[in-house]
Structure formats: structure tokens, C-alpha cells
Amino acid sequence: MKQKRVIVGLSGGVDSSVAAYLLKEQGYEVIGLFMKNWHDDSVTISNECPWLEDSNDAMLVAQKLNIPFQTVDLSEEYKERIVDYMFHEYEMGRTPNPDVLCNREIKFDVFMKIAMDLGADYVATGHYCRKGVIEKDGTEIYQLLSGKDNNKDQSYFLCQLSQAQLSKTLFPIGELQKSEVRKIAANQDLITAEKRDSQGLCFIGKVRLPEFLQQQLAPKEGVIIEVPEDYSGYQKNIPNFSSEEERLAFLSEKNKYSKQDGTVVGKHQGAHYFTKGQRKGLAVGGTKEPLFVIDTDVSENIIYTGQGKQHPGLYRHGLFVTQEEVHWVRPDLQLQEDETLEVLARIRYRQPLEKATLHQTSTGLYVIFENAQSAITEGQFVAWYLEDELVGSGVIS
């Protein structure tokens, strides 16, 4: 029988190195491919994650494992699909998640197409997640399952994958703990065994976000307003709802602020550089508790803040995803209008899963949490799970 060919995205980190090693051990024909996605080192902090060092490490791993290796330059696609999109989202006052997009648009689209052109049966990555296969009505259905290492589970970053993409993907380290991965790398004498995990933007490394954004979004001075905890807008009377959808909209409604709702406590260089829940970078002292961003208004260029992480302006019970932004990893579980589903959900990576109920309406999907959530942020992804299986996701509107 012909060996199945797997193309591994070798990033120069320990996870993808061990993924390649394990696949080779399992008898696959393995080829290592390094993606070069970024040229501009002027915005990366120190030598945290320069692509040159990473590609060199990836090449040394490939040599050690005795597998073919090449580099592909995807910087044009990355700029178009990720960086330009990020600038646009920040400009609109939303906060995108480049890692989720990078997986959907680059690793499992552009990169996957290159791999298939090279005759691959599968692509593999060093993600901490697992793939399951079940049969339903005579059809094979692929499951995206969380990684066994609860502390490293990366299923959230893959929340936009499709059945077609999952069918062609392998996650060799999903059953392992990070400590086991490092041990395997050390035993195989791989150069990446002790290498620190990369931080920051997918492929770009640690970036000074304001400087990165300033390349396209000009600084613009505005005011920082502190909204008190006893702001009258927080004392909402619950009305009598004429429909279920009205109730869901009420629970998901964000607070609207104006200048009169608080006091000016400082200045900033552009509301589009800030995001909800942010604490650093405000440079306002003299408050009893630290200030957190509770909202940004990019049209008026105002940042609204509140003291302390329990400030009522940070919390909401629900969120809405427009119909075109709803994505089911498991299309067979898709809700029809007026249907509901009890799930576990998270609105950011590493957040513990929270109990929630999905409500499908004619215009989109409401996600209503049992407990109020802090800093629900437009542009970020909400992902929902049934036990340890990620079944769908959407962009918070």
C-alpha cells in the first residue's frame, strides 16, 4: 500500500516539530513546510519571534528527522486576508482575532491548497486539539475535540474550520500534555525542545500593537471618561416583553454612553487602539482601583472606563451573532428558527467554558449566558461546545 503523504506546517516551535516526528513514527511520508508570512521586522518587539530564526529551526528539525523541507512565502495573502482585515476592524472600533482568522484563511486554506498541490493526503499542525470521526445517516462526520491538555487546549483557535478542512487535517499532539511533548523533543534531541512558546500575532510574533496600527490608523487625541458604578443606565427596569426575541435583545444590549455620563480623567491617542476590558496603556493614575475600558466610541473618539474589574459596565448576559457570521463546524447540528440548544461557550481563548443557551432567530443567533460575562467584545469570536466537542462559532456583532 502506498504511504499516505502528510505535509506538516513546521513553524520552528516544539509542537510542530514533535507532530512531524510522531507522524514519521506512524509510517506516514512526511514533508515539512515553513510558512513565511511577514517581512516587516520594524514593528516586532526585540528578537522575540523573528521569522528567520524560526525558519532556521524548522529546517534543522527537518534535517534531524530526515524529511524534505521547503519554505513558502505567503506574506501577500497574509497581508490581504489578515493584516488589512485587522486594520479595518480596529478602525470600525471592533477587536479582531487574528489567530482564528489565520487558521481559517491561511493555514487551512492557502497552505492546505499548496499541500494538496504537492500531492498531500493530509496536512498536520502542532495544535493541541483532537479530531474525531462519527457516522451519522451513513455519512462520515468529523469532530473538532478539545486537546487533552486542558491548560493548552487550542480548539478555540480552530473554531472556524469546516468539515472539508477537518477531513484533510491531522492533529498528532492532541492527546499529549505539553510536558510530554517537550520530553519527546528532548529525547529526539530536537533543537526546539526547550524553545519558548511564541507569543503575539500568528506568525508575526510579539507586536507593539499601537505602533503596528499606527502604520495605517493615524493617532488622534481624545478624552478618557470615567463612568461611575452608580450610573443610572445600569439600573434598568425589566420591561414586559412582547416577544421572546425582544427579551433576548434586551439581555444582549450593550450600554450606550455619552460624555455627560462621567468625568474626563485623561487623554488618549486614538480610541481605535483600545479594546473592551483593557487595563494597560490608559496612563491614568490616582484612582482607588485600576481603570478598565468599558467601551470605545471611534466616531466621537472617546474611551469610556470604569474602576475595578467588577464594574457593572463590563458585564452582560448575552450577545448576538448575525446570520451570515454563524458558523457550524457540525452543520448537522445547525439550529432552525426558534430552536434552542444548551451549550458550553467561551468568548476568548483560555476562558473557562461557561453554561449558555443558543437561540436561533430569523436574523441570527443569540448566545445567552447563565452568568454575566465580562468584556464581551465586538469582532471577537464566540465558540460553543457540547462537552469537549467544539460544534460552532460566530463573530460577536
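Data table
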| read-out | value |
| --- | --- |
| Identity of the residue in segment 51-71, within 27 Å of the chain's Cα centre (by Cα) and charged (D, E, K, R), that ends up modelled with the highest pLDDT | 57 |
| Pairs where the first residue, in segment 112-130, is not assigned by TED's automatic domain parsing to the domain that holds residue 161 and the second is not hydrophobic (A, V, I, L, M, F, W, C), C-beta under 8 Å, 6+ apart | none |
| Residue count for segment 66-82, restricted to those that are surrounded by fewer than 21 Cβ atoms within 10 Å (Cβ to Cβ) and in a helix (DSSP H, G or I) | 6 |
| Residue within segment 83-95 that is crowded, with 21+ Cβ neighbours inside 10 Å and in contact with a strand residue (DSSP E or B) (Cβ under 8 Å, 6 or more places away or on another chain) present | no |
| Some residue of segment 233-246 being touching a strand residue (DSSP E or B) at 6+ places or on another chain (Cβ under 7 Å) and either more than 30 Å from residue 102 (Cβ to Cβ) or surrounded by 20 or more Cβ atoms within 10 Å (Cβ to Cβ) (or both) | no |
| Conditions (1) of a type outside the set (Ser, Thr, Tyr); (2) at pLDDT 90 or above; (3) touching a strand residue (DSSP E or B) at 6+ places or on another chain (Cβ under 6 Å): number failed by residue 36 | (2) |
| Where a residue in segment 266-289 is without any contact (Cβ under 8 Å) to a residue 24 or more places away in the chain and its partner, wherever it lies, is among the β-branched types (Val, Ile, Thr), with Cβ under 7 Å and at least six apart | 278/293 |
| Test: residue in segment 291-299 that is outside the structural domain of residue 141 (by TED's automatic domain parsing), hydroxyl-bearing (Ser, Thr, Tyr) and buried (at least 16 other Cβ atoms within 10 Å of the Cβ) | yes |
| Among (1) in a loop (DSSP other than H, G, I, E, B); (2) under 22 Å from residue 292 (Cα atoms); (3) among the aliphatic types (A, V, I, L, M), the one test that residue 217 misses | (2) |
| Qualifying residues in segment 115-152 (those that are polar (S, T, N, Q) and assigned to a strand (DSSP E or B)) - the one surrounded by the fewest Cβ atoms within 10 Å (Cβ to Cβ) | 139 |
| Condition met for residue 301 (modelled with pLDDT of 95 or more, of a type in the set (S, T, N, Q) and either touching an Asp or Glu at 6+ places or on another chain (Cβ under 9 Å) or under 26 Å from residue 364 (Cα atoms) (or both)) | yes |
| Checking residue 303 against (1) out of contact with any Ser or Thr (no Cβ under 9 Å at 6 or more places or on another chain); (2) within 16 Å of residue 94 (Cβ to Cβ); (3) assigned to a strand (DSSP E or B), the condition it does not meet | (1) |
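The values are calculated or read from the model by the stated rules, or taken from the named source; none is laboratory data. Predicted model, so just to flag it, every value in this text is computed and none were measured. Using ideal geometry, Cβ is built from the backbone for each residue, glycine included, and neighbour counts are taken over all protein chains shown.
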